[in-house]
Amino acid sequence: MDTDLVDFLLRIPPRARLEQRVYKKMIAFSYPQVRDLPCTNSGRPIDPHFAREYFAMTSSYLARRGADALRKISGAGNQPLRREIRDLASDYRAEPQLIQTVLNPLLEDGVFPSEIFSKEGVAGIVEAHYSGRERHEELLASLISFGLAYKFLALGQFGEVPTHLRQAR
C-alpha cells in the first residue's frame, strides 16, 4: 500500500469528503467536458458551485426533518407508508394452508431426506412459528422452496404442476 497516498487521504478534512466533494471538484475543474454529463447517482451533471449543492442538500434534509416532526405531532407518523418485511411472519401465520397443503405433504412424501431433515424438528419449527413464540418465516419459506424445487427438478414429479406450465416453449 502506498503510505504517502494513505497519509494524504487521511489529511483531507471530513467536510471536503462530504458528498464526494473532492472527487466532484476534481472532475468539475480538471475535466469540464465530463462535468456536464449526467452522473450515475443523481442523473444530473456535476454542479461546480458546491455552495448551491450544499444549500440544496441542507434544505432537503431540514425539509425531511420538519415533515417527520409534523407527522409525529399530527399522529400520521404512526401509520406505516409501506409494508415492512417483518409483515412476512404474520402473512405466514395467516396462511396455514402453506404448511398443511405444501410443506407437510413434502415431508410425508420423503422429499426431505431423513438423514438431513428431522420431521419432528420441522414440526417443532412450524408449531413455534404458528403459536407466535418464535419467528421462522424465512426458514419455512426456504424449506418450502427447497422441497418444491427438489421434487420438481431432482425427482421429476410434475403431477401437481398444471399442464400448460409443463409444456416447453
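The values are calculated or read from the model by the stated rules, or taken from the named source; none is laboratory data. Source: prediction; values computed, not measured. Counting neighbours? That spans all protein chains shown, and the Cβs are built from the backbone with ideal geometry, glycine included. Keep in mind that these areas ignore ligands, DNA and RNA; they rest on the heavy atoms of the full protein, side chains included. Shrake-Rupley method; radii C 1.70, N 1.55, O 1.52, S 1.80 Å.
Hey, for a label at ALA154 modelled as a point 7 Å past Cα toward Cβ, could you say which residues of the range 107-123 have their backbone N under 14 Å away? It comes to 107, 109-118, nothing else. Here the Debye sum runs over all C-alpha atoms of the chain as equal scatterers in vacuum, and log10 of I(q)/I(0) at q = 0.13, 0.16, 0.17 Å⁻¹ comes out as -0.82, -0.96, -1.05. The local environment of LYS25, defined by Cβ-Cβ distances under 13 Å, has a net charge of +2 under the rule Lys, Arg +1 and Asp, Glu -1. Here the extension length gained between ASP2 and LEU37 equals 9.4 nm, from 0.36 nm per residue of separation less the Cα-Cα distance. A straight Cα-to-Cα reach below 15 Å connects LYS24 with the aspartates and glutamates ASP36, ASP47, GLU53, residues fewer than 8 places away in its own chain not being considered. Taking every alpha-carbon pair in the range 21-63 and binning the separations at 10 Å intervals from zero gives 28, 53, 17, 1 percent. The C-alpha atoms of the chain define a longest principal axis, and helix 50-74 lies at about 50 degrees to it. Using a probe radius of 1.4 angstrom, the carbon and sulfur fraction of the accessible surface of the chain is 58%. Computed from Cα atoms, the angle from the helix 119-131 axis to the main principal axis of the chain rounds to 60 degrees. Normalised per residue, the accessible area of the chain is 77 Å², obtained with a 1.4 Å probe and no contribution from ligands, DNA or RNA.
Taking the longest Cα principal axis of the chain as reference, the axis of helix 137-149 is set at about 60 degrees. A compact globular protein would have a Cα radius of gyration near 2.2 N^0.38 Å; the ratio found for the range 115-162 is 1.35. Site pair TYR61 and GLN20 shows an inter-label distance of 1.8 nm when each label is modelled 7 Å from Cα along Cα→Cβ. Of the listed residues LYS119, LYS72, LYS151, LYS24, the order by accessible area with a 1.4 Å probe, largest first, is LYS72, LYS119, LYS24, LYS151.
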